[in-house]
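Step one of this worksheet: look at the structure below.
The values are calculated or read from the model by the stated rules, or taken from the named source; none is laboratory data. These numbers come from a predicted model, not from an experiment. When we count neighbours, we look across all protein chains shown, and the Cβ atoms used for this are built from the backbone with ideal geometry, even at glycine. Surface accessibility is based on the protein's heavy atoms, side chains included, excluding ligands, DNA and RNA. Shrake-Rupley method; radii C 1.70, N 1.55, O 1.52, S 1.80 Å.
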Amino acid sequence: MVRRRALPRLRPAVIAGLIALIVLLGGFWLWFRDSSLVAVQRVTVTGASGPDAGKIRTALIAAARNMTTLEVSMSQLNTAIAPYPDVKRLDVSTSFPHAMRIQVIEQIPVAVVAVAGREIEVASDGTLLHADAGAGSLPTIPLGVSPGGTRLTGWALSAVAVLAAAPYQLLPHISQVADDAGHGLTAQVRNGPSIYFGSAQQLGPKWTAAAAVLADSSSVGAEYIDVSDPARPAAGVTGGQGTADGAPASGASSTGASAGADASGSIASSTSPPSP
């Protein structure tokens with residue numbers, strides 16, 4: 001019969017010594033983690049652009065220099081950029097012992113809100129960005145009253161959702177999105193047809209249907225494209241000449257011909273922007 005040897009019991013003095021060593025090492029780590037030996041001294045900020053870029057960099061550098069490369073506080077960094085809604089998130093990395101790199105991921109404007117003679121850029125989630133920043137060819141969402149807070153609500157938020165779901169390179173070809181009493185959310189192609197979306201539901205299939213109709217040569221001259229039911233899109237004219245599924249009625253005017261061709265080409269070749 002094999003006898004099992006009992007493990008030697010540690011003496012109380014040895015156990016106390018081990019506990020003291022663990023406490024000592026833990027205390028040393030806590031001291032070292034927050035010590036000047038690993039303090040952040042070199043901060044590189046990339047990705048910030050626009051009129052607030054300098055302020056964003058300054059705020060992030062000031063916050064980062066209160067940290068160490070072993071103890072990064074994302075809450076402090078996020079607090080530093082809280083006044084700047086165009087910052088979507090931060091990607092932070094450190095290099096021992098003194099360097100930190102911060103990449104600013106910005107909100108991408110998809111439209112401008114036009115109200116009382118002013119224009120305010122708006123991101124795909126409805127966040128209001130820069131006012132009077134020269135948004136160029138972005139679509140317009142006309143409002144009668146200035147939006148309250150930092151984010152759009154109601155039908156204006158649904159209008160942003162329509163634009164956020166659009167093929168990205170098509171955005172410059174859309175002049176505005178409005179809420180039409182008879183057709184719901186309506187996107188207007190520059191010098192081309194109106195696109196009736198109805199509600200903000202099934203926006204992906206609706207844009208796919210609109211692209212298919214625009215790409216169909218028989219839709220040239222259509223004054224509107226109705227994709228409120230994406231399974232049964234229709235195009236036609238508003239002058240009482242009738243409609244046809246997927247194409248305008250015969251005798252439709254050629255008012256939107258060139259714009260329809262340009263828009264269909266843009267949709268066919270467009271790609272969505274890379275997700276940050």
Expected single match for among the hydroxyl-bearing types (Ser, Thr, Tyr) and assigned to a helix (DSSP H, G or I) among Ser146, Ser158 is Ser158
Criterion violated by Met100 - all others in (1) loosely packed, with under 12 Cβ neighbours inside 10 Å; (2) not in a loop (DSSP other than H, G, I, E, B) satisfied: (1)
Test of understanding: among Leu138, Leu171, which residue is assigned to a helix (DSSP H, G or I), touching a strand residue (DSSP E or B) at 6+ places or on another chain (Cβ under 7 Å), closer than 17 Å to Ala111 by Cα and at pLDDT below 95? Leu171
When residues of region 103-118 are limited to those that are outside any strand (DSSP E or B) and farther than 16 Å from Pro83 by Cα, the one least open to solvent (accessible area, probe 1.4 Å): Ile108
Which of the residues belonging to region 185-226 are under 16 Å from Trp155 (Cβ atoms), in contact (Cβ under 8 Å) with a residue 40 or more places away in the chain and open to solvent by 10 Å² or more (accessible area, probe 1.4 Å)? Ser199, Ala200, Leu203
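Out of Leu138, Leu170, Leu152, report the one residue that is touching a helix residue (DSSP H, G or I) at 6+ places or on another chain (Cβ under 7 Å), open to solvent by less than 20 Å² (accessible area, probe 1.4 Å) and under 30 Å from Thr58 (Cα atoms). Break it down stepwise before answering.
Working: Leu138 fails: open to solvent by less than 20 Å² (accessible area, probe 1.4 Å); Leu170 fails: under 30 Å from Thr58 (Cα atoms).
Result: Leu152 is the single residue among Leu138, Leu170, Leu152 that is touching a helix residue (DSSP H, G or I) at 6+ places or on another chain (Cβ under 7 Å), open to solvent by less than 20 Å² (accessible area, probe 1.4 Å) and under 30 Å from Thr58 (Cα atoms).
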What single numbered condition from (1) under 20 Å from Glu223 (Cα atoms); (2) in contact with an Asp or Glu (Cβ under 9 Å, 6 or more places away or on another chain); (3) not polar (S, T, N, Q) fails to hold for Val162? (2)
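Yes/no per residue for (1) at pLDDT 95 or above; (2) open to solvent by less than 30 Å² (accessible area, probe 1.4 Å); (3) in a loop (DSSP other than H, G, I, E, B):
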residue: Val45; (1), (2), (3): yes, yes, no
residue: Ile56; (1), (2), (3): yes, yes, no
residue: Ala59; (1), (2), (3): yes, yes, no
residue: Ala62; (1), (2), (3): yes, no, no
residue: Leu77; (1), (2), (3): yes, yes, no
residue: Pro83; (1), (2), (3): no, no, yes
residue: Asp91; (1), (2), (3): yes, no, no
residue: Thr94; (1), (2), (3): yes, no, no
residue: Ile120; (1), (2), (3): no, yes, no
